[in-house]
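Single-structure report; data block below.
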Amino acid sequence: MFRKEMMDIRWRVLVFFVVFGFLLVGTIALRPFIGELLGASSKELAQLPDFLKNIVGDLTVLNRMEADDEFYLLSQWQGKNMGQFLPLCVLLLVFPLFSREEEKKTLYFLLARFSRQEIYWKKILASFSAVFALLFVFTIAAPASMNLAGYNVGFQYSFLILLQQVLASWFFFGFFVFLSVVFRDQIKPVLWGILFALALPMASLYPPLSWMNPYPYLLGTSVLQTGRIDGVYSMGMIVFGTALIVAASIIFEKKEF
Amino acid sequence: MGINLEEGLQFDHVKKTYRNGVQAVNGITLNIPKGCVHAFLGPNGAGKTTSLKAALGFISYEGTVRWDGKPIEENRKQVVFVPEEKRFYEHWTLSETLKICTKMDTRLNSEKMQAYFHFFELPTKKKIHSFSLGMKTALYLSLAFSTEAEYIVLDEPTSGLDPIKRDDVLEIIRQRVIEGKTVLYTSHIIPEVEKIADTFSILRHGLVVYNGNLDGLKEKFRVFTFSKEAWQKQKAPKDVIVTVNQNQVSVLTDSDDAISLWNKEKDCFCEVPTLESFFQLTIRGERHV
């Protein structure tokens, strides 16, 4: 059944490999131009009045990005080009997992042959393996490609951000699986998934709920700032993600088809 | 001789009420012995598919269903199912179906499956979304017939098939029964059921209104046809099913008293019911008790 699930998601995974491949090439190719641009910008921004400097934010980040190839890669690849697409990527891989089988009535084929637990966990395993493979390959590919392009970049921080991105993906994965199990068609999981991904940073604009925005964690901001993994947030991602996966398995076990 | 509850399929007071309040199955108790074809007959909404779904564990229900004395969860490997809606993984070709399904379901015999694909003349290179309904039915049947499962559950298994292939499928079903398999079957096509079913149940409003075999039915029941005027002169007898048409009244009964009384009556016509007439009268008629 694992093979069948892989067959089901192979084209979507392939599309993500191609898209991420292009993005990675672009990120590395633009390094010299971005460096020059940031250098010029930081000099101009330094001459701004203080109140405008406050709006622009920390100028040392721009200086660091200009001077530090590794910081540039981490912030522009895992912290931007790849990182910001992860929730969308997880949503597109996960939303049809159960909802399409139910909508297209192919679930009967599986239900007649396997226990519900077997169906559920094999689907979870196959789809999360695909998410992990994408993350892992493109986390390694980025510093490796930078080194091949003649820059001197280490792997240590990439792996720390990878760990955070795997856990954040697990959290989003749990929520999207939950939607896929709950709804009987394919449209609602997509709409609710997008709404959820947008609602979290919106909710965090209200200061007491600022912790609800998972994007700084997902993009590795704390790793870039402190050089360490955010332990508390990591635990939160594991707990919420796992709770959603278990809740969805209970619903799937009891659902009528 | 008592019924062996460790063999065959037993429905024991099975009830199913959906959340919207619709009572689809209203207390079915049935014993289907091994090695036969048992058909569920009934109009739309009678509870045929719901009964099958309950038996297969697709829905929750009250009561119990046992396959050889075990719940479906413990006996799933001995059951294959062809659903009412024959939709399959539409982006697969038949060769992919063969590869993936034989890996997924170790009960499937690859050579048999190929032979059935060939028998049903299914194109191996085309994607399944281009298949007609009959071809999708043939695909599902090929999957069901390519295992050695003890129970073959078929929900409308000839939908979309041409008459030649339909006869061939009935022949294959009979062959599987000769090999000792048990077939549970639903259909709207009564001549088809008459052709292959050893026993059948007629369902109406979620209840089994008749359960038995065709010979027993022909032996026990008679249909008397009266003109409306002649029927009005009759005393209302007990335990008969009465159907009033435009000019005549048909009465189905297994009451010895009624049969001997009306056999002497000149104003009526007596016949042995066919499955078709029995089904029509049972579903359309009104029971007088």
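The values are calculated or read from the model by the stated rules, or taken from the named source; none is laboratory data. Remember, predicted model here, so these are calculated numbers, not experimental data. Glycine gets a Cβ as well: all are built from the backbone with ideal geometry, and neighbour counts include every protein chain shown. Heavy atoms of the whole protein, side chains included, go into the accessibility calculation; ligands, DNA and RNA do not. Shrake-Rupley method; radii C 1.70, N 1.55, O 1.52, S 1.80 Å.
Applying the criteria of a DSSP loop state and at most 13 other Cβ atoms within 10 Å to the GluC sites (Glu not before Pro) of the range A:62-107 yields no site.
Backbone amide hydrogens, once placed in the peptide plane, bring B:V37 within less than 5 Å of B:V183, B:D198, B:T199, excluding anything fewer than 5 places away on its chain.
3J(HN,Hα) along the range A:241-257: x, 5, 4, 5, 5, 5, 4, 5, 5, 5, 5, 4, 4, 9, 5, 9, 10 Hz, from the Karplus curve 6.51 cos²θ - 1.76 cosθ + 1.60 with θ = phi - 60°, whole Hz, x for Gly and Pro. Applying the criteria of a DSSP loop state and at most 10 other Cβ atoms within 10 Å to the trypsin sites (Lys or Arg not before Pro) of the range B:258-289 yields B:K264, B:K266. What the phi angles of the range B:33-45 give under the Karplus curve with 6.51, -1.76 and 1.60, with θ = phi - 60°, is a coupling list of x, 6, x, 9, 9, 10, 9, 9, 10, x, x, 4, x Hz, glycine and proline written as x.
For chain B, carbon and sulfur atoms together expose 49% of the accessible surface, with a 1.4 angstrom probe and every protein chain in place.
A Cβ-based charge dipole, computed about the Cα centre of the range B:217-288 with Lys and Arg at +1 and Asp and Glu at -1, lands at about 140 debye. Expressed as a fraction of 2.2 N^0.38 Å, the C-alpha radius of gyration for the range B:217-288 is 0.98. Viscosity 1.002 mPa s, temperature 20 °C: Stokes-Einstein D of chain B from its Kirkwood Cα radius, in µm² per second? Reported coefficient: 103 µm²/s.
For the protein assembly as shown, the alpha-carbon radius of gyration amounts to 1.36 times the rule-of-thumb value 2.2 N^0.38 Å expected for a compact globular protein.
Using alpha carbons only, the radius of gyration of the range B:88-160 set against its Kirkwood radius gives Rg/Rh = 0.93. Between the C-alpha center of the range B:27-103 and that of the range B:187-242 there is a gap of 27 Å. Eigen-decomposition of the gyration tensor built on the alpha-carbon atoms of chain A gives equivalent ellipsoid semi-axes of 38, 21, 15 angstrom, largest listed first.
Among residues other than B:F226 with Cβ under 12 Å from its Cβ, the summed charge is 0 (Lys and Arg +1, Asp and Glu -1). For the range B:114-225, the equivalent ellipsoid derived from the Cα gyration tensor has semi-axes of 31, 16, 13 Å, listed largest first.
For the range A:78-146, the alpha carbon positions stretch 50, 19, 14 Å along the principal axes, listed from largest to smallest. Loop-located trypsin sites (Lys or Arg not before Pro) in the range B:110-192 (DSSP state other than H, G, I, E, B) with a sparse environment of at most 15 neighbouring Cβ atoms within 10 Å: B:K125, B:K126. Summarising the overall dimensions of the range A:141-257 from its C-alpha atoms, the Rg and Dmax are 17.4, 58 angstrom. Checking the Cα-Cα distances for B:K99/B:K165; B:K34/B:K77; A:K254/B:K127; B:K15/B:K195; B:K77/B:K112 against a 22 Å cut-off, the pairs over it are B:K99/B:K165; A:K254/B:K127; B:K15/B:K195. Altogether, the Stokes-Einstein calculation at 37 °C and 0.692 mPa s, with the Kirkwood radius of the range A:1-135 over Cα pairs as Rh, returns a diffusion coefficient of 181 µm²/s.
Backbone phi angles across the range B:48-57, fed through the Karplus curve with coefficients 6.51, -1.76 and 1.60 (θ = phi - 60°), yield HN-Hα couplings of 5, 5, 4, 4, 5, 5, 5, 4, 8, x Hz in residue order; Gly and Pro are listed as x. Exposed loop positions in chain B were taken to be GluC sites (Glu not before Pro) whose DSSP state is not H, G, I, E or B and which have at most 11 other beta-carbon atoms within 10 angstrom. Between these positions, the longest stretch is B:7-120. Between B:Q248 and B:K195, the contour length at 0.36 nm per residue exceeds the alpha carbon distance by 16.1 nm. Percentage of Cα-Cα pair distances in the range B:155-220 greater than 17 Å, rounded to whole percent? Value for the range B:155-220: 46 percent of Cα pairs lie more than 17 Å apart.
Put simply, the Cα atoms of the range B:14-81 extend 34, 23, 20 Å along their principal axes, the longest span coming first.
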